[in-house]
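The values are calculated or read from the model by the stated rules, or taken from the named source; none is laboratory data. Computed from a predicted model, the values in this text were never measured in an experiment. Using ideal geometry, Cβ is built from the backbone for each residue, glycine included, and neighbour counts are taken over all protein chains shown. All accessible areas refer to the heavy atoms of the entire protein, side chains included, with ligands and DNA or RNA removed. Shrake-Rupley method; radii C 1.70, N 1.55, O 1.52, S 1.80 Å.
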Amino acid sequence: MPLSDTLMTTHANVSAKSHSHSFNDLLIRALECRNESRPPVWLMRQAGRHLASYRALRQKYSFLEMCHHPDLIAEVTLLPIKAYSVDAAILFSDILVVPEALQVGVRFEDQVGPIIERPITHTGEIAALPEPHDLSALSFVQEGIKRLKPQLNVPLIGFCGAPFTVASYMIEGKTSRDFKKTKRWMLNDPKGFHQLLRKIADWSIAYLNLQIDAGVEALQIFDSWANTLAYRQFQEFSLGYLDYILKGLKTPVPVILFCRGSSVFAPQLASIQPRGIGLDWNCSLSYMRRLIPSSIALQGNLDPDLLYAPLPKIKEEVNGLLDEMEGDKGFIFNLGHGIFPDVSEEAVRTLVECIQSRG
Ligand code: 1CP
């Protein structure tokens, strides 16, 4: 079937659904810490390789082709909504579209992951990176959001990477195991490192504002590699830029700050007053709730490996977290990090149904 036909079928199904149901605003209510019903559930990396429907599309298109094509952005974003009826959609894209717009050359290799063709190696290279005056290099995202919006009956979450995490890809050139280039630069030339972080933060602000203009209802900033930072380093090289981004948004869209390491950094994150904090799976939710003011939503934090467990075990653990957060008006169910590509759809469906059946 040609792409346009596939998309028309998809659109027809989902629009029919959106007309027959009213808008599900559980996520927004939880982000405002006034949710009196069951917690909303969505999952990081819900729009990805664990879905057979995603893998079928990937037979036909490369990952970047999919990221660049507004119809495919819309179609892939909708896949987990159709498969599981999760309570929020997350835009199908990648944190590395920002380095792509910064013209360092981004490609994705199967079995390897992202590759930066021209990694940044010293401060002298930063000035030559473009400024975020012209966002036409990211207009496919804007267009994708516009096509998606009329088809959704749940909130759409936009996102970007945190400056530290994005910088680490731009410096290492790929996913790193030890982040030695990044940390060597950070420790030996902190001023230059700050220049790079500032440039990425300026792009992130412009990019998130573009997503807000196009219609996203919430935003999440992913600091996936913050866990490699010491406590004081996080304060100096990450937190300040997250705060700078929050202050740069032109409309008050609720923002969730997610970082690996949030078990440790959550109180620092709370100090810059995001609407929500995404917790990794190393901490106790109820303990975190005692540390974080009840005016800030908490999101998390099932161990992503639990999706490999037998279905009754998944239910037991999900119910354990739900019991722990019973009555909390600002709780959003999620994993502590993204879904792995090899988990079964049955496991994910079991998780979602377990939460949604709590009425
Ligand atoms: O081969 C493929 O089909 C591509 C697999 C894939 C997918 C589906 C990649 C490559 N990115 C994505 C989508 C993606 N990435 C989303 C879409 C929405 C959703 O969550 O469903 C989001 C939010 C991201 C964000 C992202 N990309 C992060 C932050 C979140 C996290 O998982 O920590 C990071 C670090 C990336 C970089 C990235 N993109 C892709 C890969 C394989 C990687 C490297 C991840 C790593 O280094 O572990």
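Observations on the model:
- Sparsely packed loop sites in the range 209-258 (the chymotrypsin sites (Phe, Trp or Tyr not before Pro) outside DSSP H, G, I, E and B with at most 10 other Cβ atoms within 10 Å) do not occur.
- Once backbone amide H atoms are built at 1.01 Å from N, N334 has G300, N301, L302 as its partners under 5 Å, excluding neighbours fewer than 5 places away on the same chain.
- Note on the chain: Cα-only Rg and Dmax are 19.6, 59 Å.
- The label point for F23 and the one for I272, both projected 7 Å from the Cα toward the Cβ, are 2.8 nm apart.
- Comparing D328, D202, D305 in a Gaussian network model of the chain, where Cα atoms under 10 Å apart are tied by springs, the biggest mean-square fluctuation is seen for D305.
- Using the Cβ-Cβ distance between E236 and E131 with R0 = 41 Å, the FRET efficiency computed as 1/(1 + (r/R0)^6) comes to roughly 0.95.
- CD proxy at 222 nm, helix term only [per DSSP H run n ≥ 4: -39500 (n - 2.57); per residue of the chain; nearest 500]: -14000 deg cm²/dmol
- Solvent accessible area, Å² - V112, 1.4 Å probe, full protein context: 80
- Pairwise FRET efficiency - T251 versus N188, Cβ, R0 = 35 Å, nearest 0.05: 0.35
- Around the Cα centre of the chain, unit charges on the Cβ atoms of Lys, Arg, Asp and Glu (plus for the first two, minus for the last two) sum to a dipole of about 360 debye.
- Top positive-direction residue, dipole computed over the range 210-267 with Cβ charges, set V255, F237, A218: F237
- Relative contact order, whole percent, for the chain stands at 22, derived from Cα pairs under 8 Å and 6 or more residues apart.
- Residues Y61 and S176, FRET efficiency given R0 of 35 Å [Cβ-Cβ distance, rounded to 0.05]: 0.80
- Within the listed set E131, E109, E317, the residue fluctuating most in the Gaussian network model of the chain (springs between alpha-carbon atoms under 10 angstrom) is E109.
- Karplus (6.51, -1.76, 1.60) ³J(HN,Hα), θ = phi - 60°, over the range 185-194, in Hz, Gly and Pro reported as x: 4, 4, 7, 8, 9, x, 5, x, 4, 4
- Accessible area per residue was computed with a 1.4 Å probe on protein heavy atoms; D323 scores about 90 Å².
- Over the range 80-151: Kirkwood hydrodynamic radius from C-alpha pairwise inverse distances, Å: 14.9
- A full extension of the chain between Y308 and K149 corresponds to an added length of 53.9 nm, given 0.36 nm per residue minus the alpha carbon distance.
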